[in-house]
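What follows draws every value from the coordinates through simple rules; no lab data is involved. Just so it is clear, the model here is predicted, and its values are computed rather than measured. Cβ sites come from the backbone with ideal geometry, for glycine too, and all protein chains shown count toward neighbours.
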Amino acid sequence: MYAIVLAAGSSRRFGTENNKLVTPLSGVPLIVHSMRVLQQMHIPTTVVVGHQREQIQEAFAAWNIEPHSFAIQDKQRGTGHAVACSRIYWIADSILVINGDMPLITQQTITTLYEKHCTHHAIVSFVAAVPDTLMHEYGRVVHTHEGVQIVEAKDFVGAITDVCPINAGLYLFDRNFLEQSIDSLDTNNASNELYLTGLVGMASKQGHCVLVHETPFDEVRGVNTPIEFAKVLKELHLRADQMLQNRYR
């Protein structure tokens, strides 16, 4: 397994001048939390950087995080384009792609996704979760007669009030499929971007095995806004309290 971490976004919704990924979360830069998990699992990792990339690189140096490499996304053309920028580093049979703003991710979540991916001989596997409240900004997991697809929030035409599984931003791709399909993505969507999520529907329509691994939302909460940041911080504190209770039982 080889990992691609997406960290090139401009963090517009977070509302700060600095890159949200270097914002201290329990004293540690937000992106360092997920990078530590990958490092502990000995998964070689490429980080796709763009906006304020120097801040991310400085944070890694300060916290002894050593990615295998960095890939540069100079123009923000979407998650599909970001992954394509890392193409020369796809050097394993399975390519793990993870958003850089997922500090609650655990080794268990990644391991379970990988094991299911291999057991079912999936071409694409991804993590979905049902949030505790309506999440307008997340892509939705939609099942139709053509299979499964992820519909980005701006393109979703169903009842927006329905609470349904959302895309968490953690994927596992068969490398051959990724190489053959990434250039087939188009910008026919509301954001005019190349969505990585388009590969899910593409694989499903082609009859490949697409695996959806559902997990509790608190394992995959992302951080797009200050409110989401506060919820993630609360969950980290709850985990720390639980660890202390278990230690002294």
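Applying a DSSP loop filter and a limit of 11 other Cβ atoms within 10 Å to the chymotrypsin sites (Phe, Trp or Tyr not before Pro) in the stretch 1-67 leaves nothing.
Of all lysines in the structure, not one lies under 16 Å Cα to Cα from Lys234 without also being fewer than 8 positions from it along the same chain. Checking (i) 1.29; (ii) 0.94; (iii) 1.06 against the coordinates, the calculated Rg/Rh (Cα atoms, Kirkwood Rh) falls under label (ii).
Summarising the label geometry, the points placed 7 Å from Cα in the beta-carbon direction at Glu115 and Met41 lie 1.3 nm from one another. Between Gln107 and Ala153, the modelled label-to-label distance comes to 3.3 nm, taking each label 7 Å out from Cα in the direction of the beta carbon. In terms of Cα to Cα distance under 15 Å, which aspartates and glutamates are near enough to Lys75, apart from those fewer than 8 places away along the same chain? Correct list for Lys75: Glu193. Label sites at Glu179 and Ala92, each approximated as a point 7 angstrom past Cα along Cα to Cβ, lie 1.7 nm apart. Under the convention that each Lys and Arg Cβ holds +1 and each Asp and Glu Cβ holds -1, the size of the dipole of the chain around its Cα centre is about 400 debye.
Taking the stretch 1-70, which GluC sites (Glu not before Pro) meet the DSSP loop condition and have no more than 14 other C-beta atoms within 10 Å? Filter output for the stretch 1-70: Glu17. Full extension of the segment from Thr16 to His208, taken as 0.36 nm per residue of separation minus the current Cα-Cα distance, would add 64.9 nm.
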